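K.L.:
Okay, here's the structure, questions in a sec.
Every number here is computed from the coordinates shown, using simple stated rules; none is lab data. Fair warning: this is a prediction, and the values are worked out from it, not measured in the lab. No Cβ is skipped: glycine too gets one built from the backbone with ideal geometry, and neighbour counts run over all protein chains shown.
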Amino acid sequence: MPDCTALSIIANNPLAPPEVDLGIFPVRFSKRLWVTPTEFLQTTNAMATAEWAIGVSQALTRRLPDPARRGPKVRYGENSILMMAFIQVAWQMGYEMTVDYFRSHPKAARVAGFADGRVISIGQYWERRQALGLWAFWFFFLGMVWQLTRMKIIHGVDVILDSTTQRAWYHEDADAAWSFPKPWKGSTWGYKVHTLLCRWSELPIMFLVTPANRHDSPLAIPLLSLAVACFGFPIAIVDSSPKCNFEGSQKR
């Protein structure tokens, strides 16, 4: 990794993610996720990052006190719910598959903070995940990028601008919009995720979400500015080719 100011800038930030002990990932042989969820959570010390993300998000938002409950009830930490949600999205699992994974992998359950292997039910997981709010996920994403930068997996020098559309859950969504039609896909009612990726690792380092009819170009400067402001990446090359090949740039 070339000399950069990313780590030094974050180290001076009072909101910086925790300095945790990190492991070593196994050798990567393909472009797909080459580690198991258990290996990822353990190697990146995701528990500490999740606790930091929850703490910072709660400090920024007002929260009602927990309602009084009668009788014993199993408590699941919000950091455990956050890590479950991360695994669900990163490994493209459904709610049931996510819960089943942690129930069938005791080591993963322990790493995620589930005491005695007792994993939350699907219904509770869905409710608790929705209750976390946006900021917890945002800060956890920033924390993961920070940890992977420390591990020198993310470099942030040669980056790629890309986007993808996501369907809205319901047609009455007031913030959604129709995307511009494509010959192979047509139009999508929903949102567009504008992403800045590290070319070396093919991992996202920043993203913004807009209605699906927004063009990519106005989001380029905000994405680059956020990446530099949050991580101090010494971005030198930006690829905005719509048909980008990760093995080699077609347009820079």
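K.L.:
Among the residues of region 152-183, which ones are loosely packed, with under 15 Cβ neighbours inside 10 Å, in contact with a strand residue (DSSP E or B) (Cβ under 6 Å, 6 or more places away or on another chain) and aliphatic (A, V, I, L, M)?
P.N.:
Correct list: empty.
K.L.:
Could you check region 180-207 and list, in sequence order, the residues that are farther than 19 Å from G232 by Cβ and in a strand (DSSP E or B)?
P.N.:
The answer is K182, G186, W189, G190, Y191, K192, V193, H194, T195.
K.L.:
Okay, moving on. Right, Y170: within 24 Å of T44 (Cα to Cα) and among the hydroxyl-bearing types (S, T, Y) or not? I'd like the intermediate steps shown before the answer.
P.N.:
Working: within 24 Å of T44 (Cα to Cα): no; among the hydroxyl-bearing types (S, T, Y): yes.
Considered against the rule, which asks whether it is within 24 Å of T44 (Cα to Cα) and among the hydroxyl-bearing types (S, T, Y), Y170 comes out as no.
K.L.:
Considering each residue of region 73-111, count those that are of a type in the set (S, T, Y) and buried (at least 16 other Cβ atoms within 10 Å of the Cβ), and give that number.
P.N.:
Residues of region 73-111 that are of a type in the set (S, T, Y), as a first pass: 76, 80, 95, 98, 101, 104.
Within this subset, residues satisfying the condition of being buried (at least 16 other Cβ atoms within 10 Å of the Cβ) are 76, 80, 98, 101.
Number satisfying all stated conditions: 4.
K.L.:
Of everything in region 208-229 that's hydrophobic (A, V, I, L, M, F, W, C) and surrounded by fewer than 18 Cβ atoms within 10 Å (Cβ to Cβ), which residue is nearest to L161 (Cα to Cα)? Give the steps one after another, and end with the answer.
P.N.:
First, the residues of region 208-229 that are hydrophobic (A, V, I, L, M, F, W, C): 208-209, 212, 219-221, 223-224, 226-229.
Still in the running and surrounded by fewer than 18 Cβ atoms within 10 Å (Cβ to Cβ): 208-209, 220-221, 224, 226, 228-229.
Values: L208: 11, V209: 13, A220: 7, I221: 10, L224: 9, L226: 13, V228: 14, A229: 17 Å.
Within region 208-229, the match that is nearest to L161 (Cα to Cα) is A220.
K.L.:
For T149, state whether it is among the β-branched types (V, I, T), surrounded by 14 or more Cβ atoms within 10 Å (Cβ to Cβ), in a helix (DSSP H, G or I) and without any contact (Cβ under 8 Å) to a residue 40 or more places away in the chain.
P.N.:
Details: among the β-branched types (V, I, T): yes; surrounded by 14 or more Cβ atoms within 10 Å (Cβ to Cβ): yes; in a helix (DSSP H, G or I): yes; without any contact (Cβ under 8 Å) to a residue 40 or more places away in the chain: no.
Taking the combined requirement at face value, the residue does not satisfy it.
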